[in-house]
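What follows is calculated from the coordinates using simple rules that are stated; it is not laboratory data. What you see is a predicted model; the values in this text were computed from it and never measured. As a convention, Cβ positions derive from the backbone with ideal geometry for all residues, glycine included, and neighbour counts pool all protein chains shown.
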Amino acid sequence: MTNGRKEIISKLDLKPSTKKILEVSPGPGVFQKLLRTTVGGEGRIVSLDLSMAMLRQCQAKNGNLNIYLVQGNAQYLPFANESFEGLTITLIFSRFAWHSLVFSSS
């Protein structure tokens, strides 16, 4: 499983110079440590999830990684346009009714 996660992250072309990345639907936070390692300590990672229970799991598992946790709906992002240099969406993407709306907002 870890090799699959590394492959996904490598396709994002993230570097330690990446300033801000949005992780949509982090679930229990399985990608967060790898994201933090990839963008380094200076990069800002924001994880957005509709479920407060999932955000609590992220906090419990990765609270030491300095990741901003935001409860919100990915179809109506609570951020200004062009706020992020990178975006990760994993398995939850198939649940979106309007894929184009998600990408137009990111």
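Going by a ≥ b ≥ c, the root eigenvalues of the Cα gyration tensor, does region 2-101 fall in the rounded group (a/c under 1.5), the prolate group (a/b larger than b/c) or the oblate group?
Numbers: a/c = 1.34, a/b = 1.19, b/c = 1.13.
Rounded is the answer for region 2-101, as its axis ratio a/c remains below 1.5.
Can you give the local net charge around Leu69? Use residues other than it whose beta-carbon is closer than 9 angstrom to its beta-carbon, Lys and Arg +1, Asp and Glu -1.
Values: positive: Arg56; negative: Asp49.
Computed value for this residue: 0.
Based on Cβ point charges of +1 for Lys and Arg and -1 for Asp and Glu, what charge dipole magnitude is obtained for region 2-101 about its Cα centre, in debye rounded to the nearest 20?
Details: 12 positive and 7 negative charges, 57 e Å.
Value, rounded to 20: 280 debye.
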Based on the mean of other Cβ atoms within 10 Å per residue, sort peptides 58-66, 33-41 so the most packed one is first. 33-41, 58-66
Would you check region 2-101 for Lys pairs whose C-alpha atoms are within less than 19 Å, ignoring same-chain pairs closer than 8 in sequence, and give me the count? 11
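Of all GluC sites (Glu not before Pro) in region 1-83, which ones are in loop regions per DSSP and have a Cβ with at most 14 other Cβ atoms within 10 Å? Don't jump to the answer; show the numbers that get you there.
Numbers: sites: Glu7, Glu23, Glu42, Glu82; in loops: Glu42, Glu82.
Qualifying residues, ordered by number: Glu42, Glu82.
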